[in-house]
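Here, each number is a calculation from the coordinates, and none is a lab measurement. Bear in mind that the values here come from a model prediction, so they are computed numbers and not experimental data. Here the Cβ positions follow ideal geometry from the backbone for every residue, glycine too, while neighbour counts run over all protein chains shown.
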Amino acid sequence: MGEDRQTGKDVALIDSLRRGAGALRWYVRSVMGDNHYRRYLAHQSAHHPGVAPVSESDYWRMRYRNQDANPQGRCC
């Protein structure tokens, strides 16, 4: 009976750690910009369904060109 309770606690701890790691991964990817193209695709399909999205390489090229032309608060 005590072992079953401990096993349940272990499973709950592992699940909690897994959720925490997933949240941390999401945060780091958001800060680093890894999900920007996916967000662009979601926006494009929701708001502009008849327009083909640009390729990922073209998206990043346009994004960096825009950042260079219109600098905002950033570290570099």
Subject >> Residue among 68, 34, 4, 10 that alone is in a helix (DSSP H, G or I), charged (D, E, K, R) and surrounded by 10 or more Cβ atoms within 10 Å (Cβ to Cβ) >> reply: 10
Original post:
Just one of 29, 63, 19, 25 is surrounded by 10 or more Cβ atoms within 10 Å (Cβ to Cβ), of a type in the set (D, E, K, R), in a helix (DSSP H, G or I) and in contact with a helix residue (DSSP H, G or I) (Cβ under 8 Å, 6 or more places away or on another chain); which is it?
Top reply: 63
